[in-house]
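Chemist: So that we are looking at the same thing, I have put the structure below in structure tokens.
The values are calculated or read from the model by the stated rules, or taken from the named source; none is laboratory data. All values reported here derive from a predicted model rather than from experimental measurement. A quick note on method: Cβ atoms are made from the backbone with ideal geometry, for glycine too, and the neighbour counts reach across all protein chains shown. In case anyone asks, the SASA skips ligands and DNA or RNA and just uses the protein heavy atoms, side chains included. Shrake-Rupley method; radii C 1.70, N 1.55, O 1.52, S 1.80 Å.
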Amino acid sequence: MAKNPFIPFSRPWIDDTEIEAVSQVLASKWISTGTRVREFERAFAEYLGVKHAIAVSSCTAALHLSLVVAGVGNDDEVITTPYTFTATAEAIRYVGAKPVFVDVQPDTLNIDTNKIEAAITERTKVILPVHIAGVPCDMATLQEVCDTHNLTLIDDAAHAIPTEYKGQYIGNLGDLSAFSFYANKNLTTGEGGMITTNSDAFAEPLRTMRLHGINKDAWSRQSQRNIWHYDIATEGYKYNMTDIQAAMGVCQLMKLNKQHERRRNFAHIYQTELAKFPQISTPVAPDNPREHAWHLYIIQLNTGNRDEFVEALREANIECSVHYIPLHLFDFYQERYGYRVGDFPCAEAAFERVVSLPLHPGLTEDDIYIVISAIGGFLSQVD
Ligand SMILES: Cc1ncc(COP(=O)(O)O)c(C=O)c1O
């Protein structure tokens, strides 16, 4: 039987617009941080309706700097989820604090807000939720807990563009939000990130800290014909974004609603068709379609072996992935922080059953139906 063409799990949605914009930056000979970064920041802030957007080199950098301005340091604790990519907890380690994991809700896979109070100690400084797959966390409850205990709310919004929560975009809630523009994200600059905040007190030091703590970036110095004179105003890091990345980001932002529409349409087909298989639990889909970025489409298997499922789809030329191996199951997190298998039963149970299906705007409806048909074929064999 002729095989269908390879269906990749994820691909960036790039066309001539990005290629032309990046070429213009290269031709201009100003290829590091400059006017394109400012333009991207302004457009990003305007899209979300947030006061400040500060472009950085990655979401990991965005999380790190957010923790620094929130005043988190050695021996502090940050409450987060084990059901995430290692970058979330890694950034907490950068500031010398401990990631205190709280188990997730079995359906959304987001942090279980009912379990947070029990994890708060006098060392807790921040709550750091992750909007898994693009489903918003319960921000109202998280804000309430933070207000009660005088904690900072920093959300990892790597998957959450564009995600609405009660009529506002994620990135415009809490104290600080960290976005990722990594190659597989809904909006990509290859590598890159953004911090958003409505707080002037956070934004000002962030702009300085992302480039060595220097009070004027190279573009400002060049444009003022004052190339060599600067002050180190604060502690700094090498986390600036380049104009090459930002030029791509501006184009991606202009296409964001269109790519979201395509993701939503594909997710809707998956939801409708896969609901016919009792062996599968489809992901939670909020009634309001704007409340899910559909960055990932994560199903949970109620029967059969997950690894065999992934392998069967691979045989059918379809690439799947698994999000996530809970962090407390990794050697490093067990050795450094003493976590053990069994600590977070919901995260572990989900991990055994989850598969992320292909979902990106470059797919076609035919591709989605090929994936659904391959799943049907596999399930008919395990019944
Ligand atoms: C939930 C989450 N947080 C943080 C990151 C880190 O993003 P970056 O690669 O931009 O540092 C990722 C990247 O995949 C992620 O999925």
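Conditions (1) assigned by TED's automatic domain parsing to the domain that holds Ile298; (2) of a type in the set (S, T, N, Q); (3) farther than 17 Å from Tyr169 by Cβ, marked per residue:
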residue: Arg42; (1), (2), (3): no, no, no
residue: His52; (1), (2), (3): no, no, no
residue: Tyr83; (1), (2), (3): no, no, yes
residue: Leu109; (1), (2), (3): no, no, yes
residue: Ala119; (1), (2), (3): no, no, yes
residue: Thr124; (1), (2), (3): no, yes, yes
residue: His131; (1), (2), (3): no, no, no
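Chemist: Of everything in the range 68-92 that's part of a strand (DSSP E or B) and of a type in the set (Val, Ile, Thr), which residue is nearest to the ligand (Cβ to nearest atom)?
Modeler: Thr80
Chemist: Next question, about the same structure. Which residues, counting only those in the range 328-368, are hydroxyl-bearing (Ser, Thr, Tyr) and either open to solvent by less than 30 Å² (accessible area, probe 1.4 Å) or in contact (Cβ under 8 Å) with a residue 12 or more places away in the chain (or both)? Break it down stepwise before answering.
Modeler: Of the range 328-368, the ones hydroxyl-bearing (Ser, Thr, Tyr) are 333, 337, 339, 356, 364.
Across the range 328-368, the qualifying residues are Tyr333, Tyr337, Tyr339, Ser356.
Chemist: Tell me yes or no: at least one residue of the range 192-210 is open to solvent by 30 Å² or more (accessible area, probe 1.4 Å) and within 16 Å of the ligand (Cβ to nearest atom).
Modeler: So far as the range 192-210 goes, no, none of its residues is open to solvent by 30 Å² or more (accessible area, probe 1.4 Å) and within 16 Å of the ligand (Cβ to nearest atom).
Chemist: Sticking with this one: Does the range 256-270 contain at least one residue that is among the charged types (D, E, K, R) and surrounded by 21 or more Cβ atoms within 10 Å (Cβ to Cβ)?
Modeler: Checked the range 256-270: at least one residue is among the charged types (D, E, K, R) and surrounded by 21 or more Cβ atoms within 10 Å (Cβ to Cβ).
Chemist: Return the pair list, or none, for Cβ contacts closer than 7 Å from residues in the range 158-187 that are farther than 24 Å from Glu144 by Cβ and of a type in the set (S, T, N, Q) to residues that are more than 9 Å from the ligand (Cβ to nearest atom) and part of a strand (DSSP E or B), at least 6 apart or on different chains.
Modeler: Here the result reads none, with nothing in the range 158-187 linked to a residue that is more than 9 Å from the ligand (Cβ to nearest atom) and part of a strand (DSSP E or B).
Chemist: Scan (1) of a type outside the set (D, E, K, R); (2) surrounded by fewer than 19 Cβ atoms within 10 Å (Cβ to Cβ); (3) part of a helix (DSSP H, G or I) for the single condition Val37 breaks and write down its number.
Modeler: The one condition Val37 does not meet is (2).
Chemist: Of all residues in the range 133-152, count the ones that are surrounded by 20 or more Cβ atoms within 10 Å (Cβ to Cβ) and either in the same structural domain as Pro286 (by TED's automatic domain parsing) or charged (D, E, K, R) (or both).
Modeler: Here the count works out to 0.
Chemist: Could you check the range 148-160 and list, in sequence order, the residues that are assigned to a strand (DSSP E or B) and more than 13 Å from the ligand (Cβ to nearest atom)?
Modeler: Thr152, Leu153
Chemist: Here's another thing I want to ask about it. Whether any residue in the range 110-118 is within 16 Å of the ligand (Cβ to nearest atom) and under 30 Å from Thr282 (Cα atoms) is what I want to check.
Modeler: As a first pass, look at the range 110-118 and keep what is within 16 Å of the ligand (Cβ to nearest atom): 110-111.
From the residues that got through so far, the ones that are under 30 Å from Thr282 (Cα atoms) too are 110-111.
Scanning the range 110-118 turns up at least one residue that is within 16 Å of the ligand (Cβ to nearest atom) and under 30 Å from Thr282 (Cα atoms).
Chemist: Give the residue, chosen from Val100, Val145, Val126, that is within 16 Å of the ligand (Cβ to nearest atom) and in contact with an Asp or Glu (Cβ under 9 Å, 6 or more places away or on another chain).
Modeler: Being within 16 Å of the ligand (Cβ to nearest atom) and in contact with an Asp or Glu (Cβ under 9 Å, 6 or more places away or on another chain) holds for just one of Val100, Val145, Val126, which is Val126.
Chemist: Among the residues of the range 271-281, count how many are open to solvent by 40 Å² or more (accessible area, probe 1.4 Å), touching a residue at least 40 places away in the same chain (Cβ under 8 Å) and part of a loop (DSSP other than H, G, I, E, B).
Modeler: Residues meeting the conditions: 1.
Chemist: Select the helices (runs of 4 or more DSSP H) contained entirely in the range 282-383, then report the ones holding at least 1 residues which are small (Gly, Ala, Ser).
Modeler: Those helices (runs of 4 or more DSSP H) span 306-315, 345-353, 365-382.
Chemist: Are any residues in the range 161-191 hydrophobic (A, V, I, L, M, F, W, C), within 16 Å of the ligand (Cβ to nearest atom) and open to solvent by 10 Å² or more (accessible area, probe 1.4 Å), and if so, which ones?
Modeler: Within the range 161-191, the first condition is being hydrophobic (A, V, I, L, M, F, W, C), and the residues that meet it are 161, 170, 173, 176, 178-179, 181, 183, 187.
Filter once more, so that each one left must be within 16 Å of the ligand (Cβ to nearest atom): 161, 170, 176, 178-179, 181, 183, 187.
Ala183 - this is the single residue of the range 161-191 that is hydrophobic (A, V, I, L, M, F, W, C), within 16 Å of the ligand (Cβ to nearest atom) and open to solvent by 10 Å² or more (accessible area, probe 1.4 Å).
Chemist: Ok, one more. So His260 ticks every box in (1) more than 16 Å from the ligand (Cβ to nearest atom); (2) touching a residue at least 12 places away in the same chain (Cβ under 8 Å); (3) not in a helix (DSSP H, G or I) but one. Which box is left unticked?
Modeler: Every listed condition holds for His260 apart from (3).
Chemist: Inspect all residues belonging to the range 227-246 and state whether any of them is among the hydrophobic types (A, V, I, L, M, F, W, C), within 14 Å of the chain's Cα centre (by Cα) and within 16 Å of the ligand (Cβ to nearest atom).
Modeler: no
Chemist: Which of the residues spanning the range 1-34 are open to solvent by less than 70 Å² (accessible area, probe 1.4 Å) and acidic (Asp, Glu)?
Modeler: Asp15, Glu18
Chemist: Residues in the range 52-67: is at least one among the aliphatic types (A, V, I, L, M), more than 16 Å from the ligand (Cβ to nearest atom) and not in a strand (DSSP E or B)?
Modeler: Looking for residues that are among the aliphatic types (A, V, I, L, M), more than 16 Å from the ligand (Cβ to nearest atom) and not in a strand (DSSP E or B), one finds none in the range 52-67, hence no.
Chemist: Looking only at the range 182-193, decide whether some residue is farther than 20 Å from Gly49 by Cα and not in a loop (DSSP other than H, G, I, E, B).
Modeler: The answer is yes; a qualifying residue exists.
Chemist: I would also like to ask the following. Looking only at the range 64-121, count how many residues are touching a strand residue (DSSP E or B) at 6+ places or on another chain (Cβ under 7 Å), open to solvent by 10 Å² or more (accessible area, probe 1.4 Å) and polar (S, T, N, Q).
Modeler: Looking only at that region, the number is 1.
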